[in-house]
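The values are calculated or read from the model by the stated rules, or taken from the named source; none is laboratory data. The structure displayed is predicted, hence computed values, not measured ones. Neighbour counts run over all protein chains shown; Cβ positions are idealised from the backbone, glycine included.
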Amino acid sequence: MTILRTALAGVALATAAFAQVDLTAAESHGEQNKDFSKAELHVWPVQGNIYMLVGDGANITLQVGKQGAVVVNTGFAKMSDKVVAAIKKLSERPLQYVINTNSYPDSTDGNAPVKLSGTTITGANVTNDIRDSREGAQILAQENVLTRMSAPTGKKSPTPPDAWPTDTFLGKEKTLFFNGEGIEIIHQPEALTDGDSFVFFRRSDVISAGDIFNTDGYPVIDVEKGGTIEGTVLALTRLVDMSIVEHEEEGGTLVIPGHGHLCDQAEVVEYRDMIAIVRDRVKDAIKRGLTLEQTKAEKLTRDYDPTYGHNGYWTPDMFIEAAYKSLKPGK
Amino acid sequence: MIQVRFALTALLAFASIALPAFAQVDLSGNWNAMFLEDQPERIPGPELGDYLGLPITDANRLRADSWSSSRITMPEQQCRVHVSPYIFRGPTNLRIWEEKDPETQNLVAIHVYSQTYEQNMVIWMDGRPHPPEYALHTWMGFSTGKWEGDVLTVHTTHIKTGWIRRNGLVESDRATLTQHFIRHGDIMTHVSIVEDPGYLTEPLIKTQDFRVNLNYNGNWLYPCESVEEVVGRKEGEVPNYLPGQNKFLKEYEAAHPMVPYEAARGGAETMYPEYQKKLKAMEAGGKK
């Protein structure tokens, strides 16, 4: 039912709104203009049924098994041929689900080509009534991801309809059971945006954290899209709570970050603590009556910049600005 | 004659390939830490605000200034392990053994088990490469070793973020470690050299000594279970000090009046003998 609902909504939005794709948002993440012909895609086994695909763009999580494949995020479209080839190499059966953890271009730009490499298992009247219902994998995401990727009737859509989620959820989470394990897509409200999710592969004991957690940059909080630094700290605290260490704060649940290296709970704690500390400093700056420019001038992230401050598309100043705007009373 | 020459050549060729795989010195056994260097820092623990003699960057100094010891009351911090460059400095015993290939008896790895936190550092001796950067980082990191004469030299990468001093000074997950294990009879010297350009302006070099223990072979377990030490802590709260507001940083100065505050702030220059001149100039200028 949700597939049908979203498909119909998608058709309506597409015909009315889609005239020109706006890549401004994608370009703002700085990697659209790279020479992807030379870019490599690395496949790294994580544990259980899970692999991490590492290339230019966001990390991609791949689950394979008897039923087929699931990917969490799709990276940049220019890498999609390599992503599809990697999926086909590891999975004898087709891709059935794409899950988006947010609407950011480096996570969703490859949605359309990757989706088209897969299939949707349908039956009964769905197969008969909707001619293309089996074409392409389903794209699952929290409802606000669709809202951010599409546009109301008469408005220009930021992404093409083929890239939009085909099935969305509104509650706290959506669950699947696929390839012998439970999969939870857990909404994290007011984190980077209003539509972020973690994806928890329960049997493999791996969490795909999306861009809420990175090892090489500050969180890209988009205040205009409902993101807050407080919500990001709370989301990361939930991620800490969800993960169970094997021994001495190491191993056990593994966490695939949006960008950077494979992690366990310890790195999530480190990242959460860093953001909470910067949050406290920005709160104090606001309390002292500092303007945004004065707050930036204080260089409140300078002790963490050696680790997180070299990300060209999201500078320390941009992070501070997002934090400031999300904490300023009357935001 | 040709056959003899061929046999010698083959033998030399075999030896040149096989030699690096065989230990020059056997490090196997149980080793107790001796605490000949930096005992006050290693056993009672360092004082807050004491960064003396460490080549830290400004970023590292602020990390430590902001650090609150209440942070280690958080459940997820309580069982955190000392990372590989630091664990050798703690109150730990070591058990070292060699892993041999059962078919060839070539040395595959040297294992260094640390009693504290039950950590096992595997030093791969079989020439395998280090994993890619995106692989998992661990407390002990990924190590490969080679014999340089009688010295075992080890290169370690993929280390998690951890201490360089137990008062908030850090090394990042980009740090690399070079280790030398040097045996002198019953004594073994361990040399660690940490490089971390973001947080250290120069390599941080430390040594520590161990004595072989022939009479003890304990189980050396380290069970650690985190508990709720502070009830009612708000979700998302992380203890820390705002810049310039850590009043405990002056405690060191009060306890050690002969050490000027500027010296306690550390930095590469405080490592070298030439710093004595600057200290005298401070003294002449009216600073303690």
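Of all residues in region A:217-237, those being facing chain B (nearest Cβ under 9 Å) and in contact with a strand residue (DSSP E or B) (Cβ under 9 Å, 6 or more places away or on another chain) number 2.
Reported count of residues in region B:127-141, each being crowded, with 22+ Cβ neighbours inside 10 Å and among the hydrophobic types (A, V, I, L, M, F, W, C), is 2. Here residue B:96 meets each of (1) under 16 Å from the mean Cα position of the chain (by Cα); (2) not in a loop (DSSP other than H, G, I, E, B) with one exception, condition (1).
Here's the yes/no breakdown for (1) farther than 30 Å from residue B:82 by Cβ; (2) within 11 Å of chain B (Cβ to nearest Cβ):
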position: A:296; (1), (2): yes, no
position: A:308; (1), (2): no, yes
position: A:316; (1), (2): no, no
position: A:322; (1), (2): yes, no
position: A:329; (1), (2): yes, no
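For region A:48-69, a tally of residues being in a loop (DSSP other than H, G, I, E, B), at pLDDT 95 or above and crowded, with 24+ Cβ neighbours inside 10 Å returns 1. Filtering A:157, A:197, A:204, A:150 for residues that are surrounded by fewer than 23 Cβ atoms within 10 Å (Cβ to Cβ), touching a Gly at 6+ places or on another chain (Cβ under 8 Å), more than 14 Å from every other protein chain (Cβ to nearest Cβ) and among the hydroxyl-bearing types (Ser, Thr, Tyr) leaves a single hit, A:204. Taking the listed residues B:254, B:281, B:268, the one that is surrounded by 14 or more Cβ atoms within 10 Å (Cβ to Cβ) and either free of Cβ contacts under 8 Å to residues at least 24 places away in the same chain or in contact with an Asp or Glu (Cβ under 7 Å, 6 or more places away or on another chain) (or both) is B:268, with no other qualifying.
Among the residues of this structure, residue A:213 counts as one that is closer than 21 Å to residue A:313 by Cα and part of a strand (DSSP E or B). Annotation for region B:145-158: no member residue is within 14 Å of chain A (Cβ to nearest Cβ), in contact (Cβ under 8 Å) with a residue 40 or more places away in the chain and of a type outside the set (Asp, Glu). Among residues of region A:251-266 that are within 10 Å of chain B (Cβ to nearest Cβ) and under 17 Å from residue B:75 (Cβ atoms), those with a beta-carbon under 6 Å from a residue that is part of a loop (DSSP other than H, G, I, E, B) and among the β-branched types (Val, Ile, Thr) at least six positions away or on a different chain give the pairs A:265/A:245.
Determine whether region B:25-46 contains at least one residue that is within 14 Å of chain A (Cβ to nearest Cβ) and surrounded by 19 or more Cβ atoms within 10 Å (Cβ to Cβ). Among the residues of region B:25-46, not one is within 14 Å of chain A (Cβ to nearest Cβ) and surrounded by 19 or more Cβ atoms within 10 Å (Cβ to Cβ), which makes the answer no. Listed by position, the helices (runs of 4 or more DSSP H) contained in region A:240-321 that have at least 1 residues being within 25 Å of residue B:196 (Cβ to Cβ) are A:265-287, A:305-308.
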